[in-house]
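S.K.: Have a look at this one before I ask anything.
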Amino acid sequence: MTAQPKQPLNIVLIGPPGAGKSTIAEALVRERDLASISTGQRLRAEVKARSALGRAVAPYLDKGDLAPDSLMDRLLRANLEALDPEQGFLLDGYPRTLHQARGFEGTLADFGRVLHAVLALDVSDDEVIRRLSGRRICEGAGEPFPVHIDDLASILRCQERGGHLVDRDDDRPEVVRQRLDVYHQQTQPLLEFYTFNGLLRHIDAHGPPAELARRALAALPPAGPPVSNEEK
């Protein structure tokens, strides 16, 4: 009897801004050979390139609001279409609303995929504001990466690579508060949705980056189950 191929591991990462998603994503992508899809980074790249999608989404990002579902669906489908069907993904930044989560199931089905786990990063609002008020982005040193002003080693690494630190408009205190309000109002219902579906796994996002990465790796399921006839 021929063994059925296993599904690639598909993971969603949920958490408020400043929860450490990029740090955790880097570790998970490296350790489990996943493709990283950060919708926030992809959207900002579109804005910087002044593409049609970027021009459409820029007013929402400037105000700290979520991009409309129609724009997010366009972005997500383009990324899934470019993905190797045998490679799993780590999706950061989508879905953010219950409506998006329900639609996401259909989108994955269109690409012959299923979701295996949702990692929810738990961190207080006060800690988020502290982190983001000191966050900068290192640009000009390859792929942009976040740096905190208290992290001298990362600042030196950025400078040694020829990069420079840039403030992000959506890290201003008033925008951060708006982003947190949006997160709590629209994203929290996802926790109940994915709890009901048996996919949610909580991760304590307080503490040093290495410890956060260890907790997230420990929470991951094994490789995806075999693809059933219904999933093909």
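The values are calculated or read from the model by the stated rules, or taken from the named source; none is laboratory data. Note that this is a predicted model, so its numbers are computed, not measured. Here the Cβ is made from the backbone with ideal geometry for all residues, glycine too, and neighbour counts use every protein chain on show. With ligands, DNA and RNA removed, areas are computed over all heavy atoms of the protein, side chains included. Shrake-Rupley method; radii C 1.70, N 1.55, O 1.52, S 1.80 Å.
S.K.: Among (1) closer than 30 Å to Pro208 by Cβ; (2) modelled with pLDDT of 85 or more, where does Ala101 come up short?
M.R.: Against the list (1) closer than 30 Å to Pro208 by Cβ; (2) modelled with pLDDT of 85 or more, Ala101 comes up short only on (1).
S.K.: Restricting segment 10-31 to residues that are open to solvent by less than 10 Å² (accessible area, probe 1.4 Å) and of a type outside the set (A, V, I, L, M), which is farthest from Arg135 (Cα to Cα)?
M.R.: Asn10
S.K.: Hey, another quick one. Looking only at segment 153-176, count every residue that is closer than 12 Å to Ala141 by Cα and touching a residue at least 40 places away in the same chain (Cβ under 8 Å) and tell me the total.
M.R.: Adding up the residues that qualify gives 0.
S.K.: Checking the conditions here, which among Asp167, Asp171 is farther than 29 Å from Phe104 by Cα and charged (D, E, K, R)?
M.R.: Asp167
S.K.: Hey, among the residues in segment 53-83 that are open to solvent by 80 Å² or more (accessible area, probe 1.4 Å) and in contact (Cβ under 8 Å) with a residue 40 or more places away in the chain, which one's farthest from Arg30 (Cα to Cα)?
M.R.: For segment 53-83, the residue satisfying everything is Lys63.
S.K.: Can I ask one more? Among the numbered conditions (1) within 14 Å of Gly20 (Cβ to Cβ); (2) surrounded by fewer than 19 Cβ atoms within 10 Å (Cβ to Cβ); (3) modelled with pLDDT of 85 or more, tell me where Val114 comes up short.
M.R.: For Val114, the failing item is (1).
S.K.: Next question. Looking for whichever is open to solvent by less than 50 Å² (accessible area, probe 1.4 Å), aliphatic (A, V, I, L, M) and modelled with pLDDT of 90 or more here; the options are Leu43, Leu34. Which one fits?
M.R.: Answer to the selection: Leu34.
S.K.: Can I ask one more? Mind checking which pairs have a first residue in segment 23-40 that is more than 10 Å from Leu90 (Cα to Cα) and a second that is outside any helix (DSSP H, G or I) and not basic (Lys, Arg), Cβ under 6 Å, 6 or more apart or different chains?
M.R.: Thr39/Gly93; Thr39/Tyr94; Gly40/Gly93
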